[in-house]
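What follows is calculated from the coordinates using simple rules that are stated; it is not laboratory data. Because the structure is a prediction, the values reported are computed rather than measured. Please note: Cβ atoms are built from the backbone with ideal geometry, for glycine as well, and neighbour counts cover all protein chains shown.
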Amino acid sequence: APPPPFIPPPEVQVQPQVQPQNTIAAVSNVKPEPQVFAKTPAVAVEAPKAAAGPSTIAAVIDFNVAGCKPEYPRASLRNEETGTVLLSVLIGADGAVTEVKVDKSSGFRGLDNAVRLQLMSGACKNKPG
């Protein structure tokens, strides 16, 4: 059998695009006026008084503390599931975790639940941050 016929690709002429040159259209020897910023007097901020309502204090949960790091779910290991879970954690006045909500899932329910359940177990102690 003879080889298939060879058809060369068509030659296409491409014109190079000419980039416009940056040029200065006008020159001025007049110095601009200096900007003057008005100084505002410092305002004394009064410390907030203790209120009977809720308050917010930053907290830190350290997963490197012994017993705090959740165990990787076996099913997730078998299925090679990996991901990052973004959580909202509500911590009570006594430092205990009272509520955990998944804000952004890892895409795998087993991974999300492993972290959420570990936080709810009380194994992770809150450090005021």
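I'm trying to understand the selection: among the residues of segment 94-120, which are part of a helix (DSSP H, G or I), among the basic types (Lys, Arg) and more than 15 Å from Ala75 (Cα to Cα)? Even if it seems obvious, please write down each step before you answer.
Our first condition is that a residue be part of a helix (DSSP H, G or I); within segment 94-120, this holds for 109-120.
Still in the running and among the basic types (Lys, Arg): 109, 116.
Listed by number, the list holds a single entry, Arg116.
Give me the residue from segment 73-104 that is surrounded by 14 or more Cβ atoms within 10 Å (Cβ to Cβ) and touching a Gly at 6+ places or on another chain (Cβ under 9 Å) and, out of that set, nearest to Asp62 (Cα to Cα).
Ranking the qualifying residues of segment 73-104, first place goes to Val97.
Cβ contacts < 7 Å: first residue without any contact (Cβ under 8 Å) to a residue 24 or more places away in the chain, restricted to segment 69-89; second residue among the hydroxyl-bearing types (Ser, Thr, Tyr) and part of a loop (DSSP other than H, G, I, E, B), any location; separation 6+ or different chain. Result?
As it stands, the answer is Thr84/Ser106, since those pairs meet every condition given.
For segment 65-89, give me the residue count where each residue is more than 25 Å from the chain's Cα centre (by Cα) and small (Gly, Ala, Ser).
3
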